Amino acid sequence: MTSRAHNPAARWTFCTLCHHRGYHSRADAKAVRKRHPGEKGLAVFTCPHTTGLFHIGHRPDALSNGQIDRQRLRHQAHRTAGDRRE
């Protein structure tokens with residue numbers, strides 16, 4: 001067994017639609033978030049495009065303030081990804 005199997009930071013694939021690293025489990029993403037310097041403000045969220053991937057990133061201010069909800073955020077992500085494909 002290789003050392004990569006025990007290192008969550010090494011187990012990721014790149015999501016071409018979101019342009020983020022995609023972790024294959026929420027637990028791996030959380031473990032990597034804890035190791036990240038300046039982890040305050042980072043959130044683990046599911047990829048809106050690829051089932052089974054989790055990303056790490058900053059939560060949008062509009063979502064934190066209640067100006068938009070998660071459904072609208074996903075809709076915007078799908079629309080943006082559609083623009084990138086064309």
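The values are calculated or read from the model by the stated rules, or taken from the named source; none is laboratory data. The structure presented is a predicted model; accordingly, all values stated were derived computationally and were not measured. Cβ atoms come from the backbone with ideal geometry, glycine included; neighbour counts cover every protein chain shown.
Data for the structure
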| item | result |
| --- | --- |
| Enumeration of residues in the range 18-32 that are in a loop (DSSP other than H, G, I, E, B), surrounded by fewer than 17 Cβ atoms within 10 Å (Cβ to Cβ) and in contact (Cβ under 8 Å) with a residue 24 or more places away in the chain | His24, Ser25 |
| Hits in the range 26-48 (condition: among the hydrophobic types (A, V, I, L, M, F, W, C) and more than 11 Å from the chain's Cα centre (by Cα)) | Ala27, Ala31, Val32 |
| Subset of the range 33-77 [in a strand (DSSP E or B) and at pLDDT 80 or above] | Leu42, Ala43, Val44, Phe45, Thr46, Phe54, His55, Ile56, Gly57 |
